[in-house]
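Inspection log for the structure reproduced underneath, given as structure tokens.
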Amino acid sequence: MENRIKKFAEVLERQQIERLKACNLACQCNIDACKVSIKEGSKYVKVNVGSSGKYMIDNDGNIFGIKAYNVINKKHHYGTVDTIENFYWGNYKAKRINV
């Protein structure tokens with residue numbers, strides 16, 4: 001599962017930067033703010049973009065948005081680490097794409 005989470009983080013960061021370039025906002029400051037970090041927790045893996053919490057992944061690989069740091073939002077479920085290609089991750093929140 002660790003490799004799939006790393007792949008998700010790479011896709012998330014790449015699509016965030018691609019969106020900045022498409023909007024002509026790709027200065028170094030903005031690109032640095034799109035760096036993704038992964039933090040292991042007891043119940044969830046936290047995936048942060050810049051200094052902000054963005055997504056949390058449970059032990060089954062389900063990806064959720066967050067309400068607050070360390071609190072998942074069950075209404076914002078974005079598939080699993082096995083279905084990351086079904087979403088576009090470059091916007092403020094993930095958007096399902098037609099696959």
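Nothing in this text is a laboratory measurement; each read-out follows from the coordinates by a stated rule. Predicted, not measured: the structure shown is a model, and the values here were computed from it. Heads up, the Cβs are rebuilt from the backbone with ideal geometry, glycines too, and the neighbour counts pull from every protein chain shown.
The magnitude of the dipole of the chain, with charges of +1 and -1 set on the Cβ of Lys/Arg and Asp/Glu and taken from the Cα centre, is near 340 debye. The slack between residue 38 and residue 88, meaning 0.36 nm per residue of separation minus the straight C-alpha distance, is 16.1 nm.
When the Cα positions of 29, 42, 73 are compared along the charge dipole of the chain, 73 comes out farthest toward the positive end, with charges on each C-beta of Lys, Arg, Asp and Glu. Restricting to Cα pairs below 8 Å that are 6+ residues apart, what does the relative contact order work out to for the range 2-85? Please round to a whole percent. Rounded, it is 19 percent for the range 2-85. Amide hydrogen proximity for residue 80: with H placed 1.01 Å from N in the peptide plane, the residues at 5 or more positions away or on another chain lying under 5 Å are 63. Nearest 10 degrees is fine. How inclined is helix 2-22 to the longest principal axis of the chain, computing both from alpha carbons? With both axes taken from Cα atoms, the answer is about 30 degrees. Amide H to amide H distances under 5 Å link residue 66 with 73, where only residues 5 or more positions off or on other chains count and H is placed in the peptide plane. If the segment from residue 75 to residue 24 were pulled out straight at 0.36 nm per residue, it would be longer than the present Cα-Cα gap by 15.2 nm. Among the trypsin sites (Lys or Arg not before Pro) within the chain, those in coil by DSSP and having at most 16 neighbouring Cβ atoms inside 10 Å are 35, 43, 93. Pick out, in residue order, every one of the chymotrypsin sites (Phe, Trp or Tyr not before Pro) in the range 1-72 that is DSSP loop and has at most 10 other C-beta atoms within 10 Å; say none if there are none. Passing both the DSSP loop test and the Cβ count: 69. Size check on the chain: the Cα extents along the three principal axes, sorted descending, read 37, 31, 25 Å.
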